[in-house]
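Student: Structure provided below as structure tokens; questions to follow.
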Amino acid sequence: MTELMLALDVLTRAEAMDIAEKTHPYIDAIKIGYPLVLGSGLSVARDLSEFDLPLIADFKVADIPNTNRLIAEHVFEAGFSGIITQGFTGRDSVSACVDVAHSAGGKCYVVTEMSHPGALDFMGEGIAERLAALAVECNADGIIAPATRPERVKALREIIGKKKILSPGVGAQGGSAEEIAPLIDSMIVGRSIYNSEDPAKAAQSYSFIRN
Ligand code: NUP
């Protein structure tokens, strides 16, 4: 079974609550990041907790260990259950996020190779493998890997074993749900659900991955 994680990149609390209300029976987790939090404030996390789904903070944290720790503490105090951090800042910075997450009973995921074309300028083969190994070394709960490049997801799976792979890039970025779902643990989908005329129906259209 592969989970469906809704990337809720709408800009206001009202829109976020509306889409979550319509889609929550068909999704397994919600991910929010800068677009919604800068538009509505961090307190939107408490509002979304009414849907009783894991809530992931996609802040791609990328600072020195002390600043990462301060950011992660805010995230878990705000009611999130997981955080996404960059890995390229190195083991001490990643460990700071993992430690705060685990102390709060939450999860921490490390970005390895991003899903957009430009990711290959700096994060492609070789580097992504090192980032995945760092995620294992730092005891992170999983990685972010690109649904737009299934062969890269297979290579990164070899490194992380049973840790979770959360994978964005299906739909608007061109990745195929059918192709990526068997390789990953959680499929992250945003625009093709929240921009749909009927978000509930769009979310439901991915239910084959959850069976
Ligand atoms: O490599 C990444 N690619 C990516 O798209 C890492 C991410 N965290 N994301 C996020 O996943 C992106 O910021 C957005 O929130 C979501 C994909 O959304 P969409 O392309 O399905 O609209």
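Student: For the stretch 91-99, does any single residue satisfy the condition of being within 17 Å of Val37 (Cα to Cα) and buried (at least 24 other Cβ atoms within 10 Å of the Cβ)? Explain how you work it out, then say what you get.
Tutor: Applying the first criterion (within 17 Å of Val37 (Cα to Cα)) to the stretch 91-99 yields none.
Checked the stretch 91-99: no residue is within 17 Å of Val37 (Cα to Cα) and buried (at least 24 other Cβ atoms within 10 Å of the Cβ).
Student: List the pairs whose first member sits in the stretch 186-211 and is more than 17 Å from Ala7 (Cβ to Cβ), whose second member is assigned to a loop (DSSP other than H, G, I, E, B) and open to solvent by 30 Å² or more (accessible area, probe 1.4 Å), and whose Cβ atoms are under 7 Å apart, counting only residues at least 6 apart or on separate chains?
Tutor: Asn211/Met1
Student: Same structure again: What do you reckon, is Phe59 in contact with a helix residue (DSSP H, G or I) (Cβ under 9 Å, 6 or more places away or on another chain) and within 21 Å of Leu4 (Cβ to Cβ)?
Tutor: Criteria not met by Phe59.
Student: Would you pick out the residues in the stretch 66-84 that are closer than 19 Å to Ala133 by Cα and without any contact (Cβ under 8 Å) to a residue 40 or more places away in the chain?
Tutor: First, pick out the residues of the stretch 66-84 that are closer than 19 Å to Ala133 by Cα: 83-84.
Residue satisfying the conditions is Ile83 alone.
Student: If you check Glu113 against the conditions, is it near the ligand (Cβ under 9 Å from one of its atoms), under 28 Å from His74 (Cβ atoms) and of a type in the set (D, E, K, R)?
Tutor: The answer is yes for Glu113.
Student: Taking only the stretch 168-193 into account, find how many residues are open to solvent by 30 Å² or more (accessible area, probe 1.4 Å), within 8 Å of the ligand (Cβ to nearest atom) and touching a Ser or Thr at 6+ places or on another chain (Cβ under 8 Å).
Tutor: 3
Student: If the requirement is being more than 15 Å from the ligand (Cβ to nearest atom) and surrounded by fewer than 18 Cβ atoms within 10 Å (Cβ to Cβ), which of these qualifies: Lys154, Lys163?
Tutor: On the way: Lys163 fails: surrounded by fewer than 18 Cβ atoms within 10 Å (Cβ to Cβ).
So the residue among Lys154, Lys163 that is more than 15 Å from the ligand (Cβ to nearest atom) and surrounded by fewer than 18 Cβ atoms within 10 Å (Cβ to Cβ) is Lys154.
Student: Separate question: Picking from Gly105, Gly124, which residue would you name as being open to solvent by 20 Å² or more (accessible area, probe 1.4 Å) and either within 16 Å of the ligand (Cβ to nearest atom) or modelled with pLDDT of 95 or more (or both)?
Tutor: Going through Gly105, Gly124 in turn, just one is open to solvent by 20 Å² or more (accessible area, probe 1.4 Å) and either within 16 Å of the ligand (Cβ to nearest atom) or modelled with pLDDT of 95 or more (or both): Gly105.
Student: Further question on the same structure: Quick check: anything in the stretch 193-202 part of a strand (DSSP E or B) and more than 16 Å from Pro25 (Cα to Cα)?
Tutor: No, the stretch 193-202 has no match at all.
Student: Oh, and also: What tally of residues in the stretch 53-80 results from selecting those that are under 15 Å from Lys31 (Cβ atoms), small (Gly, Ala, Ser) and within 16 Å of the ligand (Cβ to nearest atom)?
Tutor: Adding up the residues that qualify gives 1.
The values are calculated or read from the model by the stated rules, or taken from the named source; none is laboratory data. If you're wondering where the values come from, they're calculated on a predicted model, not measured in any experiment. Reconstructed Cβ throughout: ideal geometry from the backbone, glycine too, with neighbour counts over all protein chains shown. Heads up: the accessible areas ignore ligands, DNA and RNA and are worked out on the full protein's heavy atoms, side chains in. Shrake-Rupley method; radii C 1.70, N 1.55, O 1.52, S 1.80 Å.
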